[in-house]
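Okay, so here's the structure we're looking at.
The values are calculated or read from the model by the stated rules, or taken from the named source; none is laboratory data. Predicted model, so just to flag it, every value in this text is computed and none were measured. Glycine also receives a Cβ, built like all others from the backbone with ideal geometry; neighbour counts cover every protein chain displayed. To get the accessible areas, we keep the full protein, side chains included, count just its heavy atoms, and leave off ligands, DNA and RNA. Shrake-Rupley method; radii C 1.70, N 1.55, O 1.52, S 1.80 Å.
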Amino acid sequence: MAERKVNFNPGPSTLPLPVLETIRDNMVDYQGCGMSFLEISHRSPQFMEIHRNAQNLLKELLGVPDNYKVLFMGGGASTQFAMIAMNFLTRDGSADYINTGTWSKKAIAEAKRFGGVNVAGSTADDNFNHLPAIADLTLDSNARYLHITSNNTIFGTQFHTFPEPGNVPMICDMSSDILSHELDVSKFGMIYAGAQKNLGPAGVTVIILRDDMLELCADNLPTMFSYKTHVEKDSMFNTPPSGPVYMVEQVLEWVKAQGGLKAVEQMNRDKAALLYGEIDADDYYRGAVVNKEHRSWMNVTLRLPSEELEKKFIAEAAEVGLHGLKGHRSVGGIRASIYNAMPREGVERLVAFMKDFRVANQG
Ligand SMILES: *Cc1c(COP(=O)(O)O)cnc(C)c1O
(Lines give C-alpha, C1' and ligand atoms only; values in the text may rest on other atoms or scores of the structure.)
Protein backbone atom coordinates (compact mmCIF):
# COMPACT_ATOMS: atom_id res chain seq x y z
CA MET A 1 0.00 0.00 0.00
CA ALA A 2 1.22 3.54 -0.78
CA GLU A 3 2.29 5.45 2.31
CA ARG A 4 -0.67 7.24 3.89
CA LYS A 5 -0.66 11.00 3.56
CA VAL A 6 -0.84 13.28 6.55
CA ASN A 7 -4.35 14.46 5.75
CA PHE A 8 -5.19 18.01 6.92
CA ASN A 9 -8.46 18.13 4.93
CA PRO A 10 -11.32 20.01 6.65
CA GLY A 11 -13.97 17.38 5.89
CA PRO A 12 -14.30 14.65 4.90
CA SER A 13 -11.15 14.31 6.93
CA THR A 14 -8.63 11.86 8.25
CA LEU A 15 -9.90 8.79 10.12
CA PRO A 16 -7.97 6.65 12.61
CA LEU A 17 -6.07 3.92 10.74
CA PRO A 18 -7.18 1.12 13.12
CA VAL A 19 -10.80 2.14 12.41
CA LEU A 20 -10.23 1.97 8.66
CA GLU A 21 -8.68 -1.46 9.06
CA THR A 22 -11.61 -2.76 11.11
CA ILE A 23 -14.05 -1.39 8.54
CA ARG A 24 -12.08 -3.07 5.75
CA ASP A 25 -12.12 -6.38 7.59
CA ASN A 26 -15.91 -6.24 8.02
CA MET A 27 -16.66 -4.89 4.58
CA VAL A 28 -17.21 -8.29 2.99
CA ASP A 29 -18.16 -10.35 6.03
CA TYR A 30 -19.49 -8.51 9.08
CA GLN A 31 -18.36 -10.43 12.18
CA GLY A 32 -18.71 -13.76 10.39
CA CYS A 33 -22.40 -13.31 9.52
CA GLY A 34 -21.78 -13.93 5.81
CA MET A 35 -22.83 -10.41 4.75
CA SER A 36 -21.16 -7.01 4.63
CA PHE A 37 -22.15 -4.46 7.26
CA LEU A 38 -23.46 -2.59 4.22
CA GLU A 39 -25.76 -5.49 3.30
CA ILE A 40 -27.38 -6.36 6.61
CA SER A 41 -30.91 -5.14 7.26
CA HIS A 42 -31.31 -2.05 9.39
CA ARG A 43 -33.85 -4.14 11.36
CA SER A 44 -31.42 -7.01 11.87
CA PRO A 45 -30.14 -7.86 15.34
CA GLN A 46 -26.64 -6.99 14.14
CA PHE A 47 -27.55 -3.47 13.10
CA MET A 48 -29.80 -2.87 16.11
CA GLU A 49 -26.77 -3.68 18.24
CA ILE A 50 -24.51 -1.32 16.24
CA HIS A 51 -27.10 1.43 16.54
CA ARG A 52 -27.64 1.00 20.27
CA ASN A 53 -23.92 0.77 20.93
CA ALA A 54 -23.22 3.95 18.94
CA GLN A 55 -25.91 5.82 20.90
CA ASN A 56 -24.63 4.51 24.21
CA LEU A 57 -20.98 5.25 23.45
CA LEU A 58 -21.82 8.81 22.47
CA LYS A 59 -23.82 9.24 25.70
CA GLU A 60 -21.06 7.72 27.77
CA LEU A 61 -18.21 9.69 26.18
CA LEU A 62 -20.00 13.03 26.28
CA GLY A 63 -21.74 12.40 29.60
CA VAL A 64 -25.15 13.00 28.02
CA PRO A 65 -27.83 13.24 30.74
CA ASP A 66 -30.77 10.80 30.67
CA ASN A 67 -33.25 13.41 29.45
CA TYR A 68 -31.63 13.57 26.01
CA LYS A 69 -32.05 11.41 22.91
CA VAL A 70 -29.34 10.60 20.37
CA LEU A 71 -30.50 10.49 16.75
CA PHE A 72 -28.72 9.56 13.53
CA MET A 73 -30.07 11.25 10.43
CA GLY A 74 -29.16 11.88 6.81
CA GLY A 75 -28.92 15.23 5.06
CA GLY A 76 -25.86 16.68 6.77
CA ALA A 77 -25.67 19.58 9.16
CA SER A 78 -27.05 21.76 6.37
CA THR A 79 -30.44 20.03 6.56
CA GLN A 80 -30.49 20.77 10.28
CA PHE A 81 -30.20 24.50 9.54
CA ALA A 82 -33.71 24.33 8.05
CA MET A 83 -35.13 21.64 10.32
CA ILE A 84 -34.26 23.56 13.48
CA ALA A 85 -36.19 26.58 12.27
CA MET A 86 -39.08 24.48 10.92
CA ASN A 87 -39.49 22.75 14.23
CA PHE A 88 -38.67 25.41 16.81
CA LEU A 89 -39.21 28.81 15.22
CA THR A 90 -42.66 30.24 14.53
CA ARG A 91 -43.84 32.90 12.07
CA ASP A 92 -44.44 35.40 14.85
CA GLY A 93 -41.51 34.22 16.95
CA SER A 94 -37.87 35.14 16.83
CA ALA A 95 -34.65 33.24 17.38
CA ASP A 96 -31.21 34.55 18.34
CA TYR A 97 -28.29 33.67 16.07
CA ILE A 98 -24.61 34.41 16.56
CA ASN A 99 -23.01 35.07 13.20
CA THR A 100 -19.44 33.82 13.27
CA GLY A 101 -18.86 32.62 9.74
CA THR A 102 -20.04 30.82 6.65
CA TRP A 103 -21.96 28.08 8.47
CA SER A 104 -23.71 30.50 10.84
CA LYS A 105 -24.70 32.63 7.86
CA LYS A 106 -26.23 29.63 6.15
CA ALA A 107 -28.13 28.70 9.31
CA ILE A 108 -29.45 32.27 9.55
CA ALA A 109 -30.56 32.29 5.90
CA GLU A 110 -32.61 29.11 6.46
CA ALA A 111 -34.15 30.39 9.70
CA LYS A 112 -35.36 33.56 7.98
CA ARG A 113 -37.60 31.42 5.79
CA PHE A 114 -39.59 30.38 8.86
CA GLY A 115 -39.64 33.31 11.26
CA GLY A 116 -37.78 36.19 12.85
CA VAL A 117 -34.03 36.26 13.38
CA ASN A 118 -32.19 38.50 15.82
CA VAL A 119 -28.48 38.47 15.05
CA ALA A 120 -27.28 38.70 18.64
CA GLY A 121 -23.65 39.18 17.67
CA SER A 122 -21.60 39.17 14.49
CA THR A 123 -18.02 39.61 13.37
CA ALA A 124 -18.92 39.76 9.67
CA ASP A 125 -17.41 43.27 9.39
CA ASP A 126 -14.00 41.84 10.27
CA ASN A 127 -14.40 38.83 7.97
CA PHE A 128 -14.88 36.67 11.07
CA ASN A 129 -11.25 36.89 12.23
CA HIS A 130 -12.40 36.77 15.87
CA LEU A 131 -15.58 36.02 17.83
CA PRO A 132 -18.03 38.48 19.34
CA ALA A 133 -17.48 38.97 23.08
CA ILE A 134 -20.06 36.99 25.01
CA ALA A 135 -20.74 39.99 27.27
CA ASP A 136 -21.66 42.09 24.21
CA LEU A 137 -24.28 39.73 22.78
CA THR A 138 -27.73 41.28 22.45
CA LEU A 139 -29.67 38.24 23.65
CA ASP A 140 -33.47 38.30 23.61
CA SER A 141 -34.96 36.69 26.71
CA ASN A 142 -38.08 35.81 24.67
CA ALA A 143 -36.17 34.13 21.86
CA ARG A 144 -37.43 30.71 20.79
CA TYR A 145 -33.82 29.53 20.98
CA LEU A 146 -30.23 30.73 20.66
CA HIS A 147 -28.17 29.23 17.82
CA ILE A 148 -24.40 29.15 18.03
CA THR A 149 -21.62 27.55 15.93
CA SER A 150 -19.06 26.27 18.41
CA ASN A 151 -16.18 25.91 15.97
CA ASN A 152 -15.88 27.90 12.77
CA THR A 153 -14.24 25.42 10.44
CA ILE A 154 -13.38 27.92 7.72
CA PHE A 155 -12.12 30.87 9.79
CA GLY A 156 -10.43 28.92 12.58
CA THR A 157 -12.25 30.37 15.60
CA GLN A 158 -13.77 28.36 18.44
CA PHE A 159 -15.91 29.25 21.44
CA HIS A 160 -14.03 27.96 24.48
CA THR A 161 -16.77 29.34 26.73
CA PHE A 162 -20.45 29.51 25.88
CA PRO A 163 -23.13 32.13 26.53
CA GLU A 164 -25.64 31.51 29.33
CA PRO A 165 -29.00 32.31 27.73
CA GLY A 166 -31.04 31.46 30.84
CA ASN A 167 -34.35 29.87 29.94
CA VAL A 168 -33.77 30.18 26.21
CA PRO A 169 -32.63 26.81 24.83
CA MET A 170 -29.18 26.90 23.26
CA ILE A 171 -28.79 24.97 19.99
CA CYS A 172 -25.26 24.34 18.86
CA ASP A 173 -23.74 23.33 15.53
CA MET A 174 -20.77 21.28 16.74
CA SER A 175 -19.97 19.74 13.35
CA SER A 176 -16.26 20.45 13.57
CA ASP A 177 -15.49 20.09 17.27
CA ILE A 178 -17.92 17.57 18.76
CA LEU A 179 -16.09 15.03 20.93
CA SER A 180 -12.87 17.06 20.87
CA HIS A 181 -13.05 18.19 24.50
CA GLU A 182 -15.05 17.64 27.65
CA LEU A 183 -18.44 19.32 27.52
CA ASP A 184 -21.38 20.09 29.80
CA VAL A 185 -24.17 18.84 27.55
CA SER A 186 -26.82 20.03 30.02
CA LYS A 187 -26.22 23.62 28.86
CA PHE A 188 -27.76 22.77 25.47
CA GLY A 189 -31.28 22.13 24.22
CA MET A 190 -29.83 20.53 21.12
CA ILE A 191 -26.42 19.69 19.69
CA TYR A 192 -25.92 18.58 16.10
CA ALA A 193 -22.96 17.60 13.99
CA GLY A 194 -22.29 16.27 10.52
CA ALA A 195 -20.05 13.26 11.09
CA GLN A 196 -17.38 13.92 8.47
CA LYS A 197 -15.09 16.10 10.59
CA ASN A 198 -14.68 14.47 13.97
CA LEU A 199 -17.00 11.47 14.05
CA GLY A 200 -16.65 9.39 10.92
CA PRO A 201 -17.49 9.52 7.22
CA ALA A 202 -19.92 11.86 5.45
CA GLY A 203 -23.51 10.66 5.25
CA VAL A 204 -24.75 10.75 8.82
CA THR A 205 -25.60 13.61 11.17
CA VAL A 206 -25.70 13.17 14.93
CA ILE A 207 -28.39 14.99 16.91
CA ILE A 208 -28.50 15.18 20.68
CA LEU A 209 -31.91 16.51 21.65
CA ARG A 210 -33.26 17.36 25.10
CA ASP A 211 -36.67 15.80 25.73
CA ASP A 212 -38.43 19.07 26.55
CA MET A 213 -37.49 20.47 23.12
CA LEU A 214 -40.20 18.24 21.64
CA GLU A 215 -42.80 20.42 23.33
CA LEU A 216 -41.60 23.33 21.19
CA CYS A 217 -41.92 21.37 17.94
CA ALA A 218 -44.35 22.65 15.34
CA ASP A 219 -47.19 20.33 14.32
CA ASN A 220 -48.15 19.42 10.78
CA LEU A 221 -44.63 19.27 9.47
CA PRO A 222 -43.82 16.79 6.74
CA THR A 223 -43.14 13.55 8.61
CA MET A 224 -39.46 13.31 7.75
CA PHE A 225 -38.80 16.90 8.84
CA SER A 226 -40.23 16.59 12.34
CA TYR A 227 -37.90 15.73 15.22
CA LYS A 228 -40.90 14.05 16.86
CA THR A 229 -40.91 11.39 14.15
CA HIS A 230 -37.26 10.57 14.62
CA VAL A 231 -37.48 10.48 18.40
CA GLU A 232 -40.64 8.32 18.37
CA LYS A 233 -39.10 5.86 15.91
CA ASP A 234 -35.59 6.01 17.43
CA SER A 235 -34.06 7.11 14.08
CA MET A 236 -35.75 4.14 12.35
CA PHE A 237 -38.71 5.83 10.69
CA ASN A 238 -36.94 5.24 7.39
CA THR A 239 -33.70 3.48 6.52
CA PRO A 240 -30.98 5.21 8.53
CA PRO A 241 -27.53 5.65 6.94
CA SER A 242 -26.55 2.29 8.35
CA GLY A 243 -23.04 2.01 6.87
CA PRO A 244 -21.93 5.43 8.19
CA VAL A 245 -23.56 4.68 11.57
CA TYR A 246 -21.39 1.56 11.82
CA MET A 247 -18.30 3.60 10.99
CA VAL A 248 -19.24 6.22 13.61
CA GLU A 249 -19.65 3.39 16.13
CA GLN A 250 -16.09 2.28 15.33
CA VAL A 251 -14.73 5.83 15.72
CA LEU A 252 -16.50 6.10 19.09
CA GLU A 253 -14.89 2.83 20.21
CA TRP A 254 -11.55 4.29 19.16
CA VAL A 255 -12.16 7.50 21.15
CA LYS A 256 -13.00 5.39 24.18
CA ALA A 257 -9.81 3.37 23.72
CA GLN A 258 -7.80 6.62 23.67
CA GLY A 259 -9.01 7.22 27.22
CA GLY A 260 -12.20 9.14 26.50
CA LEU A 261 -12.69 12.87 26.18
CA LYS A 262 -10.34 13.90 28.96
CA ALA A 263 -7.43 12.21 27.18
CA VAL A 264 -8.58 13.34 23.73
CA GLU A 265 -8.89 16.95 24.92
CA GLN A 266 -5.35 16.84 26.27
CA MET A 267 -4.05 15.48 22.96
CA ASN A 268 -5.92 18.18 21.06
CA ARG A 269 -4.61 20.93 23.34
CA ASP A 270 -1.06 19.62 22.89
CA LYS A 271 -1.33 19.41 19.10
CA ALA A 272 -2.79 22.92 18.87
CA ALA A 273 -0.14 24.33 21.24
CA LEU A 274 2.61 22.80 19.13
CA LEU A 275 1.30 24.32 15.92
CA TYR A 276 0.37 27.75 17.30
CA GLY A 277 3.75 27.80 19.07
CA GLU A 278 5.47 27.57 15.71
CA ILE A 279 3.18 30.23 14.22
CA ASP A 280 3.99 32.58 17.11
CA ALA A 281 7.72 31.83 17.12
CA ASP A 282 8.40 34.95 15.01
CA ASP A 283 6.70 37.18 12.46
CA TYR A 284 7.14 34.91 9.45
CA TYR A 285 3.91 33.02 10.04
CA ARG A 286 0.85 34.95 11.21
CA GLY A 287 -2.24 33.43 12.82
CA ALA A 288 -5.34 34.44 10.84
CA VAL A 289 -7.40 34.80 14.04
CA VAL A 290 -6.57 38.11 15.73
CA ASN A 291 -7.72 37.20 19.25
CA LYS A 292 -5.64 34.31 20.57
CA GLU A 293 -8.37 33.25 23.01
CA HIS A 294 -10.64 32.57 20.04
CA ARG A 295 -8.24 30.28 18.23
CA SER A 296 -9.58 26.88 17.24
CA TRP A 297 -7.87 23.70 18.36
CA MET A 298 -9.38 21.93 15.35
CA ASN A 299 -8.82 24.23 12.36
CA VAL A 300 -5.62 26.26 12.50
CA THR A 301 -5.59 29.14 10.02
CA LEU A 302 -2.46 31.09 9.15
CA ARG A 303 -0.91 33.41 6.61
CA LEU A 304 2.55 33.75 5.13
CA PRO A 305 4.26 37.00 4.07
CA SER A 306 2.79 36.76 0.53
CA GLU A 307 0.30 34.79 -1.52
CA GLU A 308 3.11 33.49 -3.72
CA LEU A 309 4.81 32.03 -0.67
CA GLU A 310 1.50 30.48 0.43
CA LYS A 311 1.16 28.75 -2.95
CA LYS A 312 4.73 27.52 -2.73
CA PHE A 313 4.17 26.33 0.85
CA ILE A 314 1.11 24.28 -0.13
CA ALA A 315 2.85 22.77 -3.17
CA GLU A 316 6.05 21.85 -1.34
CA ALA A 317 4.14 20.49 1.65
CA ALA A 318 2.20 18.20 -0.69
CA GLU A 319 5.47 16.88 -2.09
CA VAL A 320 6.44 15.61 1.36
CA GLY A 321 3.04 14.03 2.04
CA LEU A 322 1.39 16.91 3.93
CA HIS A 323 -1.98 17.06 2.20
CA GLY A 324 -4.98 19.42 2.27
CA LEU A 325 -3.40 22.61 3.66
CA LYS A 326 -5.01 25.15 1.35
CA GLY A 327 -7.17 27.66 3.20
CA HIS A 328 -10.81 28.16 2.25
CA ARG A 329 -11.18 30.62 -0.63
CA SER A 330 -13.03 33.12 1.61
CA VAL A 331 -9.98 33.45 3.90
CA GLY A 332 -7.02 32.41 1.76
CA GLY A 333 -3.76 31.34 3.32
CA ILE A 334 -3.22 28.01 5.01
CA ARG A 335 -5.57 25.88 7.08
CA ALA A 336 -4.47 22.78 8.95
CA SER A 337 -7.43 20.75 10.22
CA ILE A 338 -6.17 18.72 13.15
CA TYR A 339 -9.22 16.83 14.35
CA ASN A 340 -9.15 14.00 16.91
CA ALA A 341 -7.87 11.49 14.36
CA MET A 342 -4.83 13.60 13.38
CA PRO A 343 -1.94 11.99 15.21
CA ARG A 344 0.54 14.20 17.05
CA GLU A 345 3.19 12.93 14.66
CA GLY A 346 1.30 14.52 11.76
CA VAL A 347 1.45 17.91 13.47
CA GLU A 348 5.13 17.38 14.30
CA ARG A 349 5.84 16.74 10.63
CA LEU A 350 4.01 19.93 9.68
CA VAL A 351 5.91 21.97 12.26
CA ALA A 352 9.24 20.54 11.03
CA PHE A 353 8.25 21.46 7.47
CA MET A 354 7.32 25.00 8.60
CA LYS A 355 10.75 25.47 10.19
CA ASP A 356 12.54 24.29 7.03
CA PHE A 357 10.33 26.41 4.80
CA ARG A 358 10.96 29.53 6.85
CA VAL A 359 14.75 29.05 6.72
CA ALA A 360 14.70 28.42 2.97
CA ASN A 361 12.40 31.36 2.09
CA GLN A 362 13.07 34.08 4.64
CA GLY A 363 14.58 36.67 2.26
C1 LIG B 1 -18.97 21.20 7.48
C2 LIG B 1 -19.87 22.01 8.33
C3 LIG B 1 -21.24 22.12 8.07
C4 LIG B 1 -21.90 21.51 6.85
O5 LIG B 1 -22.06 20.17 7.02
P6 LIG B 1 -22.77 19.27 5.89
O7 LIG B 1 -22.79 17.95 6.57
O8 LIG B 1 -21.90 19.34 4.68
O9 LIG B 1 -24.12 19.81 5.63
C10 LIG B 1 -22.02 22.85 8.95
N11 LIG B 1 -21.48 23.43 10.03
C12 LIG B 1 -20.16 23.36 10.31
C13 LIG B 1 -19.62 24.03 11.53
C14 LIG B 1 -19.32 22.64 9.48
O15 LIG B 1 -18.01 22.56 9.75
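One table, with the values for the structure above:
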quantity: Odd one out for K105, checked against (1) buried (at least 23 other Cβ atoms within 10 Å of the Cβ); (2) more than 20 Å from V300 (Cβ to Cβ); calculated: (1)
quantity: Flag for Y284 being modelled with pLDDT of 95 or more, of a type in the set (S, T, Y), surrounded by 14 or more Cβ atoms within 10 Å (Cβ to Cβ) and not in a helix (DSSP H, G or I); calculated: yes
quantity: Residues (within 14 Å of the ligand (Cβ to nearest atom) and at positive phi) located in the stretch 163-204; calculated: L179, G200, G203
quantity: Filtered residues of the stretch 22-33 (kept if assigned to a loop (DSSP other than H, G, I, E, B) and open to solvent by less than 60 Å² (accessible area, probe 1.4 Å)); calculated: C33
quantity: Residues satisfying the stated conditions in the stretch 148-162, i.e. in a loop (DSSP other than H, G, I, E, B) and either within 11 Å of the ligand (Cβ to nearest atom) or over 26 Å from H328 (Cβ atoms) (or both); calculated: S150, T153, I154, F155
quantity: Where W103 falls short, out of the listed (1) within 16 Å of the ligand (Cβ to nearest atom); (2) closer than 21 Å to T229 by Cα; (3) aromatic (F, W, Y); calculated: (2)
quantity: Filter result (outside any strand (DSSP E or B) and either open to solvent by 10 Å² or more (accessible area, probe 1.4 Å) or without any contact (Cβ under 8 Å) to a residue 40 or more places away in the chain (or both)) within the stretch 179-197; calculated: H181, E182, L183, D184, S186, K187, F188, Q196, K197
quantity: Tally, over the stretch 322-343, of residues that are surrounded by 20 or more Cβ atoms within 10 Å (Cβ to Cβ) and either free of Cβ contacts under 8 Å to residues at least 12 places away in the same chain or of a type in the set (F, W, Y) (or both); calculated: 1
quantity: Odd one out for T239, checked against (1) under 23 Å from the mean Cα position of the chain (by Cα); (2) open to solvent by 40 Å² or more (accessible area, probe 1.4 Å); (3) polar (S, T, N, Q); calculated: (1)
quantity: Residues being crowded, with 18+ Cβ neighbours inside 10 Å and outside any helix (DSSP H, G or I) - total across the stretch 69-102; calculated: 13
quantity: Residues that are in a loop (DSSP other than H, G, I, E, B) and buried (at least 18 other Cβ atoms within 10 Å of the Cβ), drawn from the stretch 116-128; calculated: T123, F128
quantity: Qualifying residue in the stretch 280-297 (condition: among the basic types (K, R) and over 22 Å from I314 (Cβ atoms)); calculated: yes
quantity: Qualifying residue in the stretch 213-229 (condition: farther than 28 Å from G101 by Cβ, among the polar types (S, T, N, Q) and in contact with a His (Cβ under 7 Å, 6 or more places away or on another chain)); calculated: no
quantity: Residue identified as open to solvent by less than 50 Å² (accessible area, probe 1.4 Å), within 25 Å of the chain's Cα centre (by Cα) and over 26 Å from N56 (Cα atoms) among L304, L275, L309, L252; calculated: L275
quantity: Pairs with Cβ under 7 Å, 6+ apart, first in the stretch 68-97 and within 11 Å of the ligand (Cβ to nearest atom), second part of a helix (DSSP H, G or I) and among the small types (G, A, S); calculated: F81/A107
quantity: Subset of the stretch 1-21 [surrounded by fewer than 18 Cβ atoms within 10 Å (Cβ to Cβ) and not in a loop (DSSP other than H, G, I, E, B)]; calculated: L17, P18, L20, E21
